[in-house]
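J.: Dropping a structure here in structure tokens format, bear with me for questions.
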Amino acid sequence: MIWAAQLLVAVFFIAGFVSFYTEIWNQAFVNPHKSQRKRTELRIFLLVLSIGIASVLHFAGYISGSSSMMYHNLGLFILVFALLDEEINLGEYLIRCAALLIVWAMHHFSDLVSSSFAISMD
């Protein structure tokens, strides 16, 4: 029964995050009425939003006990979802990749030199 509750929480969280993120993305990339400065600020906000929330969820997973996998998976989802943005530049993409690699390495800290970690990085 706990699994079903965690799944329900995850689905609602993901749906809300995707909706909010998509709205901000539309304002940053699609809305022609925004100034270039405001659009740049929104792009930075998207970057901080995805990395910030993923970090909070990742660290919450370390202290949550039985729900730790849900928090870790939600954090990884957010980082991977942010990589799928259209029209981001190379710098934004590399920052997002670095954040994902750091979190992935933290998950596998005890076996960074193993073949399974190397395969998971490919």
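J.: Using a Förster radius of 41 Å, what is the FRET efficiency between I2 and V30 based on their Cβ-Cβ separation? Nearest 0.05, please.
T.: 0.55
J.: At 0.36 nm per residue, minus the direct Cα-Cα distance, what do W104 and V11 gain on full extension? Give it in nm, one decimal, please. Spell out each step's value before the answer.
T.: On the way: separation 93, 0.36 × 93 = 33.48 nm, distance 2.21 nm.
Extending this stretch completely gives an extra 31.3 nm.
J.: Right, another one. Once the Cβ-Cβ distance between N73 and D111 is put in as r, and R0 is 22 Å, what FRET efficiency do you end up with, to the nearest 0.05?
T.: On the way: r = 19 Å, r/R0 = 0.86.
Efficiency, from the Cβ-Cβ distance: 0.70.
J.: Which value in deg cm²/dmol, rounded to the nearest 500, describes the helix-derived mean residue ellipticity at 222 nm for the chain, given -39,500 (n - 2.57) per DSSP H run of n ≥ 4 and division by the residue count? Intermediate values should be presented prior to the final figure.
T.: Details: 5 runs with 97 residues, N = 122.
Theoretical 222 nm ellipticity from helices: -27000 deg cm²/dmol.
J.: Which semi-axes, in whole Å and largest first, does the equivalent ellipsoid of the chain have when worked out from the alpha carbon gyration tensor as the square roots of 5 times its eigenvalues?
T.: Details: eigenvalues 161, 78, 23 Å².
Computed over the chain, the values are 28, 20, 11 Å.
J.: Then there is this: Can you compute 3J(HN,Hα) from phi for each residue in the range 52-64, using the Karplus curve 6.51 cos²θ - 1.76 cosθ + 1.60 with θ = phi - 60°, rounded to whole Hz and x for Gly and Pro?
T.: Karplus-based 3J(HN,Hα) across the range 52-64 equals x, 5, 4, 5, 4, 5, 4, 6, 5, x, 6, 10, 8 Hz.
J.: By the scheme Lys and Arg +1, Asp and Glu -1, what is the net charge of all other residues having a beta-carbon under 12 Å from that of A28?
T.: Details: positive: K34, R37, K38, R39, R43; negative: E23, E41, D85, E86, E87, E92.
Once positives and negatives cancel, what remains is -1.
Here, each number is a calculation from the coordinates, and none is a lab measurement. Only a predicted model underlies this, so the values are computations on that prediction, with no experimental measurement involved. All Cβ positions, glycine included, derive from the backbone under ideal geometry; neighbour counts span all protein chains shown.
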